[in-house]
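> Let me give you the structure first, and then I'll get to my questions.
The values are calculated or read from the model by the stated rules, or taken from the named source; none is laboratory data. This structure is a prediction, so every number in the text was calculated from the model and none was measured. Counting neighbours? That spans all protein chains shown, and the Cβs are built from the backbone with ideal geometry, glycine included. For accessibility, only protein heavy atoms count, side chains too; no ligands or nucleic acids. Shrake-Rupley method; radii C 1.70, N 1.55, O 1.52, S 1.80 Å.
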Amino acid sequence: MDMFYTAAPDTPSLPLYHTLYETFHLARNLYDPEMEYNVALTRTWALVAYFLSNEAVVPFSVHLYGEFLTEALLDLEAAYEDLLNQTQPLLNHLREAVSNFSAVTTNWTANLVSLQLDDPMAVRAANDAQMMLDRAFLDPRGLPGRHHFNHVVMAPSSSNTYASQSFAGLQDLLADLPYLPPDEQAIRWRQINEHLAAVIHLIRAAANTLTGELW
């Protein structure tokens, strides 16, 4: 979740955006001299924290995660379609895992409306499943070559540090693959297949947190 204030829709973008002058002094004296927008954002964050902590069921839009993963896979294939086609069997498993995850999250959202709120164990189970969902994407081994990053979907890319990318581990491995010598390409393909297998496994594990299945 990202909340911010920016220029009005009918005005040019902030003229000092991404310059050395974008400081607290600028915000305090030009952008928001009365600190009204900063206060409004702080109050909004406080309300979000209040509702997250007081709702009987954590109000996560789980189905949006499924939609996001579907779009992320389409972006990955659009960027590296020719390379990914060389690992077709695993790519098909990835498509199947994302499709199943999307279906599971949609069903979860639909079924959640009938949750018995007077049953504390049912509520606890639903909340636990939702809170464990995102953690299921954490690979304890980390991304290839970057063991301090663990999220196989949301981790930042090392090859594109400005724009956001999903499946950063795969994107980073594929980015310079065509430019490597043949012997290094063979090593890289092994890394790609190993990481792709881990991504598939974790997507399936994430879906299982909602279905309650162990395998």
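> Check the range 183-198 and report whether any residue there is in contact with a strand residue (DSSP E or B) (Cβ under 6 Å, 6 or more places away or on another chain), surrounded by 12 or more Cβ atoms within 10 Å (Cβ to Cβ) and under 26 Å from Thr105 (Cβ atoms).
No; the residues of the range 183-198 include none that is in contact with a strand residue (DSSP E or B) (Cβ under 6 Å, 6 or more places away or on another chain), surrounded by 12 or more Cβ atoms within 10 Å (Cβ to Cβ) and under 26 Å from Thr105 (Cβ atoms).
Residue-by-condition table, conditions (1) assigned to a helix (DSSP H, G or I); (2) over 26 Å from Asn54 (Cβ atoms); (3) in contact (Cβ under 8 Å) with a residue 24 or more places away in the chain; (4) among the basic types (Lys, Arg):
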| position | (1), (2), (3), (4) |
| --- | --- |
| Leu117 | no, no, yes, no |
| Met121 | yes, no, no, no |
| Gln130 | yes, no, yes, no |
| Ser159 | no, yes, no, no |
| Leu174 | yes, yes, yes, no |
| Gln191 | yes, yes, yes, no |
| Ala206 | yes, yes, yes, no |
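> Confirm whether Ser164 is among the hydroxyl-bearing types (Ser, Thr, Tyr), in contact with an Asp or Glu (Cβ under 6 Å, 6 or more places away or on another chain), open to solvent by 20 Å² or more (accessible area, probe 1.4 Å) and at pLDDT below 95.
Judged against the criteria, Ser164 is not a match.
> Here's another thing I want to ask about it. Determine which single condition Met1 fails, assuming it passes every other condition in (1) modelled with pLDDT of 85 or more; (2) under 23 Å from Ala136 (Cα atoms).
(1)
> Working carefully through the options Ala126, Ala122, find the one that is over 23 Å from the mean Cα position of the chain (by Cα), surrounded by 13 or more Cβ atoms within 10 Å (Cβ to Cβ) and of a type outside the set (Phe, Trp, Tyr).
Answer to the selection: Ala122.
> Would you call Tyr37 free of Cβ contacts under 8 Å to residues at least 60 places away in the same chain, over 30 Å from Met132 (Cα atoms), out of contact with any Leu (no Cβ under 7 Å at 6 or more places or on another chain) and among the hydroxyl-bearing types (Ser, Thr, Tyr)?
yes
> Any idea which residue in the range 1-16 is farthest from Met154 (Cα to Cα), counting only those that are free of Cβ contacts under 8 Å to residues at least 12 places away in the same chain and open to solvent by 100 Å² or more (accessible area, probe 1.4 Å)?
Here the answer is Asp10.
> If a residue must be exposed (fewer than 13 other Cβ atoms within 10 Å of the Cβ) and either assigned to a loop (DSSP other than H, G, I, E, B) or polar (S, T, N, Q) (or both), how many such residues does the range 17-34 contain?
Count: 9.
> Name every residue in the range 40-63 that is in contact (Cβ under 8 Å) with a residue 24 or more places away in the chain and within 30 Å of Gln116 (Cα to Cα), in order of residue number.
Matches in the range 40-63: Thr44, Trp45, Val48, Ala56, Val57, Val58, Phe60, Ser61, Val62, His63.
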